[in-house]
Amino acid sequence: MPSLEFPEVPHYAHAPVTKADLQYANLPIIDLSKASTPEGRLALSVQVRDAMIEHGFFYVINHGYSVTQTERIFDIANVPFDHVNSEEKSAYAATIKDTGSFQGYKFRQYWHIDGGVHDQIENYSINRDVTKRGHPQPLRPFLPEISRFAKHNHFNVLHQLLRST
């Protein structure tokens, strides 16, 4: 019988809310509970289309993951950044310009924006088939959970959204 115990992972602490007066993107909220009826799917298709045209992003609610599961995924998502040293990160660099593959690390300042400005975003990308490429040692114990999360999103979120369009 498989173990129900999950490897320990340090809790990810979200950055505190800023006190600065900033303009934030007002992301559209897509409620997947509407996907259960033909009318709801039609309404979702319009919402998703408009969100992608106007914003390029949206926020999904009622996706089937509990608050506890979502918090754990945030904890796991922080592992490639706070628990992998620079040397190991380099060994798992994405080969974006050479092969077009975004799997692995995309380091800060990889993209030239304009006028000598480079991006400040670091990310670690994983294919939904987590076995397609190797991963840093600290992340490996979490691959089964990452795989389940990817499958959940593929079948329970993406399929619901595509079914509505």
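The values are calculated or read from the model by the stated rules, or taken from the named source; none is laboratory data. Note that the structure is a prediction, hence the values are computed from the model and not measured. Virtual Cβ from ideal backbone geometry, glycine too; neighbours counted across all protein chains shown. In case anyone asks, the SASA skips ligands and DNA or RNA and just uses the protein heavy atoms, side chains included. Shrake-Rupley method; radii C 1.70, N 1.55, O 1.52, S 1.80 Å.
Brief remarks follow.
- Annotation note: trypsin sites (Lys or Arg not before Pro) in region 67-119 located in DSSP loop regions with a Cβ neighbour count of at most 14 within 10 Å are 108.
- Expressed to the nearest 5 percent, the antiparallel share of DSSP beta bridges inside the chain is 55 percent.
- Accessible-area value, residue 98, 1.4 Å probe, nucleic acids and ligands omitted, Å²: 140 Å²
- Surface share of carbon and sulfur [accessible, 1.4 angstrom probe, percent] for region 68-165: 54 percent
- Sites excluded, GluC sites (Glu not before Pro) in DSSP loops with at most 12 other C-beta within 10 Å, longest stretch of the chain: 9-165
- Per-residue 3J(HN,Hα) values for region 82-96, derived from phi via the Karplus relation 6.51 cos²θ - 1.76 cosθ + 1.60 with θ = phi - 60°, read 8, 10, 10, 6, 4, 4, 5, 4, 4, 5, 10, 5, 5, 9, 4 Hz in sequence order (x marks Gly and Pro).
- Per DSSP, loop chymotrypsin sites (Phe, Trp or Tyr not before Pro) in region 1-89 with at most 14 further Cβ within 10 Å: 24, 57
- Once you reduce region 138-165 and region 1-48 to the center of their Cα atoms, the two points are 13 Å from each other.
- Full-extension gain in nm, residue 125 to residue 37, via 0.36 nm per residue minus C-alpha separation: 28.3 nm
- Stokes-Einstein diffusion coefficient of region 6-94, Kirkwood radius over Cα pairs, 10 °C, 1.306 mPa s, in µm²/s: 96 µm²/s
- Residue 59 versus residue 109: modelled label distance in nm, points set 7 Å from Cα along the beta carbon direction: 3.3 nm
- Within the full protein context, the accessible area of residue 124 is estimated at about 30 Å² for a probe radius of 1.4 Å.
- Percent of Cα-Cα distances greater than 18 Å, calculated over the chain: 71 percent
- Per residue, the chain exposes 70 Å² of accessible surface when a 1.4 Å probe is rolled over the protein heavy atoms with every protein chain present.
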